[in-house]
1. Given the criterion modelled with pLDDT of 95 or more and surrounded by fewer than 19 Cβ atoms within 10 Å (Cβ to Cβ), identify the matching residue among PRO138, PRO130.
2. Run down ILE78, ILE45, ILE32 and say which single residue is under 30 Å from LEU214 (Cα atoms), of a type in the set (A, V, I, L, M, F, W, C) and surrounded by 12 or more Cβ atoms within 10 Å (Cβ to Cβ).
3. Suppose the filter is surrounded by 11 or more Cβ atoms within 10 Å (Cβ to Cβ), small (Gly, Ala, Ser) and within 22 Å of LYS39 (Cα to Cα); does ALA63 pass it?
4. Taking only pairs six or more apart or across chains, which ones have beta-carbon atoms under 7 Å, a first residue in the stretch 195-223 that is without any contact (Cβ under 8 Å) to a residue 40 or more places away in the chain and farther than 9 Å from ASN131 by Cβ, and a second residue that is in a loop (DSSP other than H, G, I, E, B) and of a type in the set (S, T, N, Q)?
5. For a quick check of your reading of the model, give me the residue pairs whose first member lies in the stretch 109-128 and is in contact (Cβ under 8 Å) with a residue 24 or more places away in the chain, whose second is surrounded by fewer than 17 Cβ atoms within 10 Å (Cβ to Cβ) and among the basic types (Lys, Arg), with beta-carbon atoms closer than 8 Å and at least 6 apart or on different chains.
6. May I ask you to list the residues in the stretch 67-92 that are assigned to a helix (DSSP H, G or I) and either more than 14 Å from PHE55 (Cβ to Cβ) or among the polar types (S, T, N, Q) (or both)?
7. Here are the criteria: (1) surrounded by fewer than 14 Cβ atoms within 10 Å (Cβ to Cβ); (2) over 30 Å from LEU128 (Cα atoms); (3) at pLDDT below 95. Tell me which single one LYS19 does not satisfy.
8. How many residues, within the stretch 184-202, are among the hydrophobic types (A, V, I, L, M, F, W, C) and over 20 Å from the mean Cα position of the chain (by Cα)?
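The values are calculated or read from the model by the stated rules, or taken from the named source; none is laboratory data. The structure displayed is predicted, hence computed values, not measured ones. Cβ: placed from backbone, ideal geometry, glycine included. Neighbour counts: every protein chain shown.
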Amino acid sequence: MVSKKTKELNKEAIKKAIKGVKNTYSPDKMIIQAVQAFKEEEHLINVEYERLREFYWRYHPEALERVDSVEELTGMIIKGVNRPADTMGYGLSKEELSLMKSYAEGVKEHLKVIDLLEKFINAETIKLAPNTSRIATPLLTARLIALAGGFKELAFMPASTIQLLGAEKALFRHLKRGSRPPKHGVILSHSSVQSAKNKGKAARQLANKLMINLRKDYFGEDG
């Protein structure tokens, strides 16, 4: 039989454990989860887009020449487009057309989810790291936080490490096989690096700016 004192000690231990869990929460953890979910949804939508194009190509291939995005294609299929008689495609049954439309509606729902995730990531990252978000964009800042494993971890990284975040596989190949070392990781997606002739130099300059502003954000300094 458990004594009264033991029960009280157990209750106290549970309270401390709950308090400890609550104290470990930080906004960057939700940002990291949202970034991972965004990445998964992005991959899923790309796969579904290719599948949807395959579906529609069989029905009306000429129309795909005018389609530039998954949003356009899903909208066209859901709305329904009159197919010309001289199309190179072939007729689909009522059931097949219904399946294609249902699939397009499913893709549209995923587009809504990724839009909500992006809005959440942008809003929360701007609150957490306003200075860095202004320079790197909120989404890129969030991706860097996720790759670093946390906001604090990123804030204390040297610029050279920030520059290569996301290029771990290329760095491993360089160390193992002697291939060319990477010059940039995910910061390659930043417009200043994309448009630069010397992308390595531009990535290094951006990483230095990010390092300074990350520390300002971490210590609560205004830009």
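1. None of the other options fit; the residue is PRO130.
2. Being under 30 Å from LEU214 (Cα atoms), of a type in the set (A, V, I, L, M, F, W, C) and surrounded by 12 or more Cβ atoms within 10 Å (Cβ to Cβ) holds for just one of ILE78, ILE45, ILE32, which is ILE32.
3. Working: surrounded by 11 or more Cβ atoms within 10 Å (Cβ to Cβ): yes; small (Gly, Ala, Ser): yes; within 22 Å of LYS39 (Cα to Cα): no.
Judged against the criteria, ALA63 is not a match.
4. If the second residue must be in a loop (DSSP other than H, G, I, E, B) and of a type in the set (S, T, N, Q), no pairs are left.
5. The qualifying pairs do not exist here.
6. Our first condition is that a residue be assigned to a helix (DSSP H, G or I); within the stretch 67-92, this holds for 70-79.
Selection gives GLU71, GLU72, THR74, GLY75, LYS79.
7. Just one mismatch for LYS19, condition (2).
8. Residues that pass the stated criteria total 2.
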